[in-house]
1. Within the set of other residues whose C-beta is less than 14 Å from the C-beta of PRO167, count the net charge using Lys and Arg as +1 and Asp and Glu as -1.
2. With a sphere of radius 14 Å drawn around the Cβ of GLY25, what net charge do the other residues whose Cβ falls strictly inside it have (Lys, Arg +1; Asp, Glu -1)?
3. Whenever you get a sec, compute what percent of the accessible area on segment 210-329 sits on carbon and sulfur atoms (1.4 Å probe).
4. Top mean-square fluctuation among ILE20, ILE215, ILE247, Gaussian network model of the chain, C-alpha springs under 10 Å?
5. Can you give me the accessible area per residue for the chain, using a 1.4 Å probe, in Å²?
6. What longest region of the chain stays clear of GluC sites (Glu not before Pro) that DSSP places outside H, G, I, E and B and that have at most 15 other Cβ atoms within 10 Å?
7. If each DSSP helix of 4+ residues adds -39,500 (n - 2.57) and the sum is divided by the residues in the chain, what number results at 222 nm, nearest 500 deg cm²/dmol?
8. Ordering LYS325, LYS303 from largest to smallest accessible area (1.4 angstrom probe), what's the sequence?
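The values are calculated or read from the model by the stated rules, or taken from the named source; none is laboratory data. Nothing here was measured: the structure is a model prediction, and the numbers come from that model. Cβ: placed from backbone, ideal geometry, glycine included. Neighbour counts: every protein chain shown. Please note that ligands, DNA and RNA were not included when accessible areas were found on the heavy atoms of the full protein model with its side chains. Shrake-Rupley method; radii C 1.70, N 1.55, O 1.52, S 1.80 Å.
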Amino acid sequence: MSSINGLGREGPAPVVEDEITSFFGSAPPLKDSEKIFEKLNRFIELNSSPQAGGDGGERRIVCVTSGGTTVPLEQRCVRYIDNFSSGNRGAASTEYFVKAGYAVIFLYRRGTCQPYCRSLPDDPFLECFEFPDGSDIQVRSSHSEAVKRAVRDQQAAVAESRLLKLPFTNIFEYLQTLQLIGTALKDLGPDAMFYLAAAVSDFYVPWNSMTEHKIQSGAGPLDIRLAQVPKMLWVLRTKWAPSAFCISFKLETDSKILLEKAGMALRKYKVHAVVANELLTRKEEVVVVSTDGNVLVRRDTDKPGSDVEDPLIRLIMDRHSAYIKESHT
Ligand code: 9Z3
């Protein structure tokens with residue numbers, strides 16, 4: 001049987017499944033996995049009730065991943081390899097999804113950009129407050145509007161159960177938490193979406209071949225063999241949440257290969273679209289690559305402070321609506 005979202009026979013070889021089993025089998029246990037699971041199910045339940053959508057419908061839920069994963073080199077980690085991502089894309093996209101009525105599970109790298117904090121200074125907590133003439137602490141007038149907006153919007157999103165934040169640092173935590181989210185969202189079928197903006201490591205050191213203690217520099221030059229991280233997109237699309245609408249991202253620094261690589265990812269994983277972006281221009285424009293063709297999405301340069309995520313999320317939401325409609329016919 002074929003379906004609009006099934007991977008069918010073209011999916012990657014079954015060897016991927018063995019790699020995935022071995023990745024999860026050898027990974028250190030996810031801390032607080034039961035609490036995370038409970039939080040997730042509560043959030044999904046609250047947003048799946050007929051009242052949640054407001055106009056009688058259920059609220060759509062999107063998992064936005066954000067920030068880069070680390071690859072530890074030691075079990076008691078002192079050194080790690082990192083992946084570039086400030087988290088701005090994920091944070092901005094989350095704000096636009098919430099504004100549009102989605103409930104967002106924000107799976108983010110600790111310490112990266114957070115929703116509603118983008119207009120605050122880099123070190124918001126310390127920069128935003130002052131003690132005028134020895135009186136009590138207060139928000140600096142120059143930051144007052146931005147702080148009020150950030151606090152109000154973030155608290156409203158959390159109070160209305162529209163935002164659930166789940167942190168990760170390394171590749172193990174990221175993929176284990178994504179698996180929990182994927183399986184928890186399975187029953188939502190096409191109403192669920194994955195928007196995978198996190199920069200995920202391609203290579204890692206398997207936990208059982210990693211040294212426990214800090215690598216000693218006295219031992220001379222270091223040779224490390226990195227294994228390939230199994231392509232979890234495949235398992236997300238075929239097993240965890242096969243009916244969910246799925247958007248992945250492709251980042252390149254060479255514009256000449258970007259669209260070709262995005263097209264390859266689209267065909268290989270049968271995601272519903274790949275958002276292709278180049279490192280230097282990622283805040284200005286992206287190309288949404290899908291079987292309907294390529295769409296260039298640009299930030300509105302006439303509007304100061306506008307985000308490329310504004311038109312991008314509108315386009316993705318329209319595609320999601322069409323997908324839900326198609327899935328029900
Ligand atoms: C992206 O391409 C994101 O748009 C950025 C956002 C990481 C460029 P910032 O967080 O940047 O706003 O600073 N994310 C996906 C990157 C990635 O690792 N993609 C993999 C690939 O290109 C596929 S999962 O192969």
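1. +4
2. -3
3. Result for segment 210-329: 52 percent of the exposed heavy-atom area is carbon or sulfur.
4. Result for the chain, Cα springs under 10 Å: ILE215 fluctuates most.
5. Result: 54 Å² of accessible area for each residue.
6. The answer is 59-159.
7. Result for the chain: -11000 deg cm²/dmol, rounded to the nearest 500.
8. The ranking, largest first, comes out as LYS325, LYS303.
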